[in-house]
Amino acid sequence: MPLKSLAEYEQLAEQAHGHLCAGQILGIRMAVYGLKLLGLADPAGADRKRLVTFVEIDRCVTDAIPVVTGCRLGKRALKFRDFGKVAATFCDLERDRAVRILARESARARARELYPRMSTGNQQQMRAYRELADEDLFAVQWVRVALAPEDLPGYKAPRAVCAQCGEAISFRREVVREGRTLCRACAGQAYYTPL
Ligand SMILES: [Zn+2]
Ligand SMILES: [Zn+2]
């Protein structure tokens, strides 16, 4: 199954995300560009297992990326790094290369210049993000991403058990403190406090 048209992806993104917005179009364009730069034309078929994507923000744009790449959190092929940037890195595991794509800040201003008569920023951006060239929308950086075996899809190993709370831990996320095997929460990294 080769890449779909922008219009087809827009429909799928609207379903997945709940509405069609400028972020969906930007995310679709970003992912299609990433695949193009990596030379991967069949993310849903033949290239299904060779792609891992890192996303750097939890906003609209992020939801559009799995629609194109097929990389999902539950498949371990989508990695979230909370850097607050509209950027994503597309990694080709087979050829061991990766490209990071950042949305240019100037794209918003370009949208305003191009369509000053449209009523909202979102409308200006939706139109401009469909039409602007990849180079005008994005900055590209070839990068190296060190992925440990336990970070890859398909990794299998026995689970650890936390010596303090007794909960099971997958993918080598346990930590050893003074000879005790602990989960990250019991090791002091909890994001919650038991009531
Ligand atoms: Zn949205
Ligand atoms: Zn624990």
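Answer with yes or no whether Leu35 is outside any helix (DSSP H, G or I) and more than 11 Å from the chain's Cα centre (by Cα). Before the answer, list the steps.
Details: outside any helix (DSSP H, G or I): no; more than 11 Å from the chain's Cα centre (by Cα): yes.
Considered against the rule, which asks whether it is outside any helix (DSSP H, G or I) and more than 11 Å from the chain's Cα centre (by Cα), Leu35 comes out as no.
Please go through the range 131-186 and pick out each residue that is of a type in the set (Phe, Trp, Tyr) and either within 19 Å of Ala98 (Cβ to Cβ) or assigned to a strand (DSSP E or B) (or both).
If we filter the range 131-186 for residues that are of a type in the set (Phe, Trp, Tyr), which is where we start, we get 138, 142, 155, 171.
Within the range 131-186, Phe138, Trp142, Tyr155 qualify.
Scan Asp63, Asp92 and give me the residue that is buried (at least 18 other Cβ atoms within 10 Å of the Cβ) and over 20 Å from Glu150 (Cβ atoms).
Answer to the check: Asp63.
Can you tell me which residue within the range 12-41, out of those that are more than 14 Å from ligand 1 (Cβ to nearest atom) and surrounded by fewer than 14 Cβ atoms within 10 Å (Cβ to Cβ), is farthest from Arg72 (Cα to Cα)?
Per the stated criteria, the residue is Gly39.
Would you check if Ala111 is small (Gly, Ala, Ser) and either in a loop (DSSP other than H, G, I, E, B) or farther than 23 Å from Leu78 by Cα (or both)? Spell out how you get there, then give the answer.
On the way: small (Gly, Ala, Ser): yes; either in a loop (DSSP other than H, G, I, E, B) or farther than 23 Å from Leu78 by Cα (or both): yes.
The answer is yes for Ala111.
Mind listing just one residue for me: the one in the range 77-93 that is closer than 9 Å to Val55 by Cα and small (Gly, Ala, Ser) and, of those, farthest from the chain's Cα centre (by Cα)?
Going through the qualifying residues, I end up with Ala87.
Taking Tyr192 as meeting all but one of (1) in a loop (DSSP other than H, G, I, E, B); (2) within 13 Å of ligand 2 (Cβ to nearest atom); (3) surrounded by 12 or more Cβ atoms within 10 Å (Cβ to Cβ), write down the number of the exception.
Checking Tyr192 against (1) in a loop (DSSP other than H, G, I, E, B); (2) within 13 Å of ligand 2 (Cβ to nearest atom); (3) surrounded by 12 or more Cβ atoms within 10 Å (Cβ to Cβ), the one that fails is (3).
From the set of residues in the range 66-89 that are more than 16 Å from ligand 1 (Cβ to nearest atom) and among the β-branched types (Val, Ile, Thr), which is surrounded by the most Cβ atoms within 10 Å (Cβ to Cβ)?
Thr69
Do we have any residue at all in the range 80-87 that's away from ligand 2 (no atom under 16 Å from the Cβ), of a type in the set (Gly, Ala, Ser) and part of a strand (DSSP E or B)?
Keep residues of the range 80-87 that are away from ligand 2 (no atom under 16 Å from the Cβ), which gives 80-87.
Of the ones still in play, those that are also of a type in the set (Gly, Ala, Ser) are 84, 87.
Imposing the further condition that a residue be part of a strand (DSSP E or B) reduces the set to 87.
Yes; the residues of the range 80-87 include at least one that is away from ligand 2 (no atom under 16 Å from the Cβ), of a type in the set (Gly, Ala, Ser) and part of a strand (DSSP E or B).
What residue, among those in the range 127-185 that are crowded, with 16+ Cβ neighbours inside 10 Å, among the small types (Gly, Ala, Ser) and more than 28 Å from Tyr9 (Cα to Cα), is farthest from ligand 2 (Cβ to nearest atom)?
Among residues in the range 127-185 that are crowded, with 16+ Cβ neighbours inside 10 Å, among the small types (Gly, Ala, Ser) and more than 28 Å from Tyr9 (Cα to Cα), the one farthest from ligand 2 (Cβ to nearest atom) is Ala160.
Just so you know, all these numbers are worked out from the coordinates, no wet-lab data involved. Bear in mind that the values here come from a model prediction, so they are computed numbers and not experimental data. Glycine gets a Cβ as well: all are built from the backbone with ideal geometry, and neighbour counts include every protein chain shown.
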